Amino acid sequence: MLENKMTGENFFDTRHDLNLTQEKLADFLKISTRQIQRYENGFSEIPGSTQILMELLVSRRIPKLKKYQS
């Protein structure tokens, strides 16, 4: 179980650090752009699996594909 839940603000900052648009991140995660907006605005809780994927992207354990970067 994850010790620290990712907040919408953390999610937003991480997306920006990865230089990804909402559309590109949604495509990568196979979710809607609207769901990305819900996470970032705090309207939806960020699932643990999504948080793990974000953390792996940041740590570069999942290679960032150029087609997802803006």
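The values are calculated or read from the model by the stated rules, or taken from the named source; none is laboratory data. What you see is a predicted model, and the numbers here were worked out from it, not measured in a lab. Cβ coordinates were reconstructed from backbone atoms using ideal geometry, including for glycine residues, and neighbour counts include every protein chain displayed. The accessibility values were calculated without ligands, DNA or RNA, using every heavy atom of the protein model including side chains. Shrake-Rupley method; radii C 1.70, N 1.55, O 1.52, S 1.80 Å.
Are any residues in the range 39-57 open to solvent by 80 Å² or more (accessible area, probe 1.4 Å) and not polar (S, T, N, Q), and if so, which ones?
PHE43, GLU45, GLU55
Quick one: count up the residues across the range 5-38 that are hydrophobic (A, V, I, L, M, F, W, C) and either in contact (Cβ under 8 Å) with a residue 60 or more places away in the chain or not in a helix (DSSP H, G or I) (or both). Before you say what the answer is, go through the steps one by one.
In the first step, residues of the range 5-38 are kept if they are hydrophobic (A, V, I, L, M, F, W, C); the result is 6, 11-12, 18, 20, 25-26, 28-29, 31, 36.
Those still in the list that are either in contact (Cβ under 8 Å) with a residue 60 or more places away in the chain or not in a helix (DSSP H, G or I) (or both) too: 6, 18, 20, 31.
Total meeting the criteria: 4.
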